[in-house]
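Beneath this line is the structure, given in structure tokens, with notes to follow.
Just so it is clear, none of the values below were taken in a lab; they were calculated from the coordinates. Owing to the predicted nature of the structure, the values given are computational and were not obtained by experimental measurement. Virtual Cβ from ideal backbone geometry, glycine too; neighbours counted across all protein chains shown.
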Amino acid sequence: MSEIRTPAALEAAVRACVEGTAVLDIHTHIYEEAFGPLLLRGPEELLIYHYLQAETNRVIDDLTPQALVALPREAAARQVWRELYEARSPLSEAARGVITALRRLGVSDIRSYEAILARFAGLSAAEHIDLVFRAANVRAVIMTNDPLNPTEAGVWMAGQKRDRRFHAALRIDPILLDWRATCERLVAAGYAVDRDLTAATYPQIARFLTDWARRMGAVYMAVSLPHTFTMPEDSPAARILTHAVLPACRELEIPLAMMVGVRRRVVPELRDGGDGVGRADLSAVAYLCREYPGQKFLLTVLSRENQHEAVVLARKFRNLHLFGCWWFTNNPSIVEEITRERLEMLGTSFTPQHSDARVLDQLAYKWAHFRPILVKALCEKYGYLMDEGWYPTEEEIERDVRLLLGGEFERFVGR
């Protein structure tokens, strides 16, 4: 194994490795072809994504937030294009991301809205998926799957042929956070549960979760938690988590993924675009890791102010895997800061990024924007070692990059 001894050679080796390594994207909201209309794709879906709707809402006076989000897809996309790409430059990360995605997916005239639409006209879902996966250099993704969505449940129940690049994660938000509204749906599905959460209800909730996790082949269970999440406490969410969710995870031997820090509907008129951020008390995470040492947990946090504490927790608890830069932290300046901080405290024992993509095409820009950040951070860290006479080899760099782009996650979850 030949050692790398100059900064120029180091930068070239790291860049080639990071760009050439196919990613396992461990958290997305995209779907495979079998799910039909749930698979969002194409330029109009990119433009009406709630990040850009919220940004457009800031710069218009002739539409209320309710009217803006109620526009038909074609009209809404053109409205966003006019306001964010014609009336001003697309400097925000979300607006820039659309440009990156379109360019990476083969749009030649990036300023022509009609040319953009024409590039994707007639592209089948299968062709579109292949195009995006190649452009993003993604080998596989993990979806977020809701068995209480009738459209989605029908696909799973039909047992349609699966695309091996798409893996499942069982979303449990409605059960954990809105039990009274969800209870009747489980009753209708044949599970003997009640609103008052009597002792007999918890095994039935656990049975529902294990039934669906096995049907999907779920890699983990996932829940998006508010900034007010607390453990231990005597609340419906805490009781369901303790007596149903964690037992089901243990039986299945899968992790629970916690995405902590959302403040729902700060501006309800904007729907998903109206959600905000709150600083969380991560002592709840410490409690779970400490009280359930045999249970594995995945964690990402929404507030920048929570990032350092999250890294410290991951350093202390071997059953906690830190991943991604979620939502409001997915901006290059913050991603760079978080990635460097994690490398400094965790080495390669974390997953630095996930796309959180809800539109298929977003994969192309999310990973294109992240890879240079990872190159810069790794060059800095390897450079420090070289200053002291520790010279990395190309094989060592390849090993480390594979770990960071999905391999460490696979080791942690045991797959």
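With springs only between Cα atoms under 10 Å, which of A357, A218, A67 fluctuates most in a Gaussian network model of the chain?
Largest GNM mean-square fluctuation: A67.
What does a probe at F328 reach in the range 264-285, counting residues whose amide N is under 12 Å from the point 7 Å along Cα→Cβ?
Answer for the range 264-285: 264-267, 274-280.
In whole Hz, what ³J(HN,Hα) sequence does the range 250-265 give by Karplus (6.51, -1.76, 1.60; θ = phi - 60°), x for Gly and Pro?
With coefficients 6.51, -1.76 and 1.60, one gets 5, 4, 7, 6, 10, x, 9, 8, 10, 10, 10, x, 7, 10, 6, 6 Hz.
Looking at the chain as a GNM with Cα springs under 10 Å, which of Y31, Y382, Y220 has the largest mean-square fluctuation?
Greatest mean-square fluctuation among the candidates belongs to Y382.
Less than 17 Å from a label point 7 Å out along the Cα-to-Cβ axis of A189: which backbone N atoms in the range 116-159 qualify, by residue?
Under 17 Å, as judged by backbone N against the label point of A189, lie 144-159 of the range 116-159.
Could I have the simple spin-label model distance between E380 and M345, label points 7 Å from Cα toward Cβ, reported in nm to one decimal?
If labels sit at E380 and M345, their model points lie 1.5 nm apart.
With springs connecting C-alpha atoms under 10 Å apart, model the chain as a Gaussian network and identify which of G389, G106, G261 has the largest mean-square fluctuation.
G389
Equivalent ellipsoid semi-axes for the range 236-393, as square roots of 5 times the alpha carbon gyration tensor eigenvalues: give them largest first, rounded to whole Å.
The three semi-axes for the range 236-393 are 29, 23, 14 Å.
Subtracting the Cα-Cα distance from 0.36 nm times the residue separation, let me have the gained length for R103 to D178 in nm, one decimal.
Difference between extended and current length: 22.9 nm.
Between the range 300-378 and the range 30-83, how many Å separate their Cα centres?
The range 300-378 and the range 30-83 have Cα centres spaced 26 Å from each other.
Taking every DSSP beta bridge that has both residues in the range 237-379, what percent is antiparallel when rounded to the nearest 5?
Counting DSSP beta bridges with both partners in the range 237-379, the antiparallel share is about 20 percent.
In nm, what is the difference between 0.36 nm times the number of residues separating A115 and D281 and their Cα-Cα distance?
Separation in residues times 0.36 nm, less the Cα-Cα distance, equals 54.9 nm.
What distance in nm lies between label points placed 7 Å from Cα along the C-beta direction at E233 and R318?
Label-label distance for E233 and R318, simple model: 3.2 nm.
Tell me which residues come under 5 Å, amide H to amide H, from R264 once H is placed; ignore anything under 5 positions away on its chain.
Result for R264 returns G276.
Over the chain, what relative contact order in percent results from Cα pairs under 8 Å that are six or more residues apart?
23
Pop a pseudo-label 7 angstrom from the Cα along the beta-carbon direction at both E269 and S92 and give the gap in nm to one decimal.
Result for the modelled spin labels: 1.6 nm.
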